[in-house]
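Each value in this text was obtained by applying a stated rule to the coordinates, not by laboratory testing. For clarity, every value in this text was computed on a predicted model and none was experimentally measured. Positions of Cβ are backbone-derived with ideal geometry, glycine not excepted, and every protein chain shown enters the neighbour counts.
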Amino acid sequence: MCHFELSKESFNIAYLIDFDQYFATEMEELREYEGEGLLEISPQWISVTPKGRMLIRNICMVFDKYLRTRTEHARYSKVI
């Protein structure tokens, strides 16, 4: 995501997973961002649009399992 795009295929090869299946929950959340014009999702790529670049941190947080498990604790770093 450093270059505002992610190749699903590269994850499939590197980690021997099916990206869409492994990250099914995250993909559902990303569809909301896509609906707002912040992302473009294709079968091979997830690309952040120019409109979404200012919110890249929020977009990447979707994949942060640590944040998902800390629902009961305070979060010290907040975004807007």
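In the chain, helical runs assigned H by DSSP with n ≥ 4 each contribute -39500 (n - 2.57); averaged across all residues and rounded to the nearest 500, the mean residue ellipticity at 222 nm is -11000 deg cm²/dmol. Based on Cα contacts under 8 Å between residues 6+ apart, the chain shows a relative contact order of 29 percent. Once each of the trypsin sites (Lys or Arg not before Pro) sitting in a DSSP loop with at most 13 other beta-carbon atoms within 10 Å is removed, the chain keeps 1-69 as its longest stretch. The structure-derived value of semi-axes √(5λ) of the Cα gyration tensor in Å appears in the list (i) 21, 17, 11; (ii) 37, 12, 7; (iii) 26, 20, 12 under the label (i).
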